[in-house]
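Below: one structure, written as structure tokens.
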Amino acid sequence: MDLFLSAIRWIFDPAHWEPGSISPFPLQDRLIEHLRYTAVSLLIAAAIALPLGFWIGHTGRARQFVISFTGAMRALPTLGVLYFLLMVFGYWLSFDTAPIVGSTIAFIVLAIPSMLAGSYAGLESVDRQTIDAARANGMTEWQILVKVEIPLGLPLIVGGLRAATLQVIATVTIASYAGLGGLGRVITSGIGLNDYDRILGGALLVTGLALAVDGLFAVVQRLTATRGLSDTHPAARRRPQSVTTAARARGRVTEGDTT
């Protein structure tokens with residue numbers, strides 16, 4: 001417990017947030033770098049995974065291949081992929097560019113499986129009768145995708161984005177092994193100095209960032225959830241009562257006729 005309290009005091013030490021401090025300080029610079037690496041990787045991954053997932057979910061093609069492919073990609077060790085890409089790009093790119101390109105590709109590979117699974121699972125969760133009704137009303141395939149399938153499957157799509165974001169935020173810490181910044185630099189510098197307050201403080205910052213982003217995605221996922229018919233049509237809830245009342249009324253009429 002004392003170790004956690006000491007790490008928390010280390011985080012809120014004003015000297016560690018003072019601009020112009022020696023690396024890995026100030027902490028806000030490392031936090032901005034961490035968010036920048038995460039955002040760039042997620043945007044590129046989304047540009048690849050979401051259109052592919054929408055195509056698979058809408059057409060139903062290559063589904064088994066994608067399931068196997070995403071499972072294999074999830075089994076890849078991100079740190080190993082990072083070191084491999086550093087060695088490959090180190091032959092053709094400069095010393096400053098190779099770590100950025102290699103790290104970004106490694107994080108993209110990490111983010112794609114969750115986004116891809118969420119996007120095609122979201123579209124597959126839409127009731128086929130709803131899609132058939134949209135076709136019967138004359139909607140084109142593009143209109144069905146944009147106006148029917150994506151809105152109804154949005155909670156699962158956001159869930160895939162949520163999982164990918166948390167994975168990338170937690171893994172961006174290894175960018176420090178490639179000589180880049182981010183909150184991982186705080187942790188690695190603490191390991192080199194045997195500074196446990198710095199190590200645990202950096203880990204707590206990454207954890208707090210991940211929890212904050214996860215909370216935002218949880219709110220978005222809840223807001224995009226489609227409300228059930230029972231919530232939007234009060235008359236539907238009263239229908240069983242009216243049917244029962246009508247049955248009782250018919251019973252009284254029948255009894256009156258027999259007497």
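What follows is calculated from the coordinates using simple rules that are stated; it is not laboratory data. Computed from a predicted structure; not experimentally measured. Cβ sites come from the backbone with ideal geometry, for glycine too, and all protein chains shown count toward neighbours.
Phi-derived couplings, Karplus 6.51 cos²θ - 1.76 cosθ + 1.60 at θ = phi - 60°, listed residue by residue for the range 54-71: 5, 5, 5, x, 7, 8, x, 8, 6, 5, 5, 5, 5, 4, 5, 5, 5, x Hz, with x used for Gly and Pro. Once Cα Rg over 2.2 N^0.38 Å is calculated for the structure shown, the corresponding label among [x] 1.10; [y] 1.47; [z] 0.97 turns out to be [y].
Computed from the Cβ-Cβ distance with R0 of 30 Å, the FRET efficiency linking Val220 to Asp13 stands at 0.35. Sequentially through the range 133-143, phi angles give Karplus couplings (6.51, -1.76, 1.60; θ = phi - 60°) of 5, 5, 5, 5, 7, x, 6, 6, 4, 5, 5 Hz, Gly and Pro residues having no value and appearing as x.
Do the sum for the chain: with -39,500 (n - 2.57) for every DSSP H run of n ≥ 4, divided by all residues, what is the mean residue ellipticity at 222 nm, to the nearest 500 deg cm²/dmol? Kindly include the intermediate steps, with their values, before the conclusion.
Details: 12 runs with 194 residues, N = 259.
Computed mean residue ellipticity for the chain: -25000 deg cm²/dmol.
By other beta-carbon atoms within 10 Å, ranking Ile131, Ile112 with the fewest at the front produces Ile131, Ile112.
Within the shell of other residues whose beta carbon sits under 15 angstrom from the beta carbon of Ile131, the net charge comes to -2, with Lys and Arg scored +1 and Asp and Glu -1. Look at where the Cα atoms of the range 43-104 and of the range 185-220 average out, and the two centres are 25 Å apart.
I want the local charge near Arg30. Using Cβ-Cβ distances under 11 Å, sum +1 for each Lys or Arg and -1 for each Asp or Glu among the other residues.
Numbers: positive: Arg36, Arg185; negative: Asp29, Glu33.
Within the 11 Å Cβ shell, the charges total 0.
Each of Arg198, Arg61 was scored by other Cβ atoms within 10 Å of its Cβ. Arranged with the fewest first, they read Arg61, Arg198.
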